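Below: one structure, written as structure tokens.
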Amino acid sequence: MSIVFHRIKEGEFKRMVEAGAIDEFVVQESKHITGKFHLLGIKPAERIGYTVRHGRVDELRTWRVDILAQLLKEWHVRSFKVQHYYD
């Protein structure tokens, strides 16, 4: 199953979370920065996903996993998957 990902800003991602428009959450380790993670939201039934980008440039935003966990908790997300990057 192929999922098409769209890059959106953090505020829009948060609005989608609050509206229940995202079903699954994945915290994916960055390929380029060890110990930093990207946030992904997935709607499997529609085969669509969202990633959080920086506000000024079209690059994926990165966080430490503990910061992301706290952010998701504040947004009332009960669970998420963590994926590490391996060469």
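In square nanometres, what is the average projected area of the Cα convex hull of the chain? Could the numbers behind the result be given before it?
Numbers: hull surface 23.4 nm².
Reported value for the Cα convex hull: 5.8 nm².
Assign unit charges at the C-beta atoms only (+1 for Lys and Arg, -1 for Asp and Glu), then state the dipole size of the chain relative to its Cα centre in Debye, rounded to the nearest 20.
Magnitude of the dipole: close to 120 debye.
If you take every residue apart from Gly49 with its C-beta less than 14 Å away from the C-beta of Gly49, what net charge results, scoring Lys and Arg +1 and Asp and Glu -1?
+1
By how many nm would the segment from Lys43 to Lys9 lengthen if fully extended, with 0.36 nm per residue of separation less the alpha-carbon distance? The partial results should precede the final answer.
Values: separation 34, 0.36 × 34 = 12.24 nm, distance 1.72 nm.
Taking 0.36 nm per residue and subtracting the Cα distance, the gain is 10.5 nm.
Choose one answer from Gly41, Gly49, Gly20: the residue with the largest mean-square fluctuation in a GNM of the chain with alpha-carbon springs under 10 Å.
Looking only at Gly41, Gly49, Gly20, the biggest GNM fluctuation is shown by Gly20.
Taking the Cβ of Val65 as the center, what net charge do the other residues with Cβ under 10 Å away carry, scoring Lys and Arg +1 and Asp and Glu -1?
So the environment of Val65 carries a net charge of 0.
At 1.4 Å probe size, with every protein chain present, just tell me what the per residue accessible area of segment 4-83 comes to in Å².
I get 65 Å² per residue for segment 4-83.
Leaving out ligands, DNA and RNA, what percent of the accessible area of the chain is carbon and sulfur, probe 1.4 Å?
Numbers: 2870 of 5980 Å².
Answer for the chain: carbon and sulfur cover 48 percent of the accessible area.
Could you pull the accessible area for Val65 with a 1.4 Å probe, rounded to 10 Å²?
Surface accessible to solvent at Val65 totals approximately 60 Å².
The values are calculated or read from the model by the stated rules, or taken from the named source; none is laboratory data. What you are looking at is a predicted structure, and each value in this text was computed from that prediction instead of being measured. Because the Cβ atoms are built from the backbone with ideal geometry, glycine has one as well, and the counts that use them run over all protein chains shown. The protein model used for the area step is the full one, side chains on, heavy atoms only, and it has no ligands, DNA or RNA in it. Shrake-Rupley method; radii C 1.70, N 1.55, O 1.52, S 1.80 Å.
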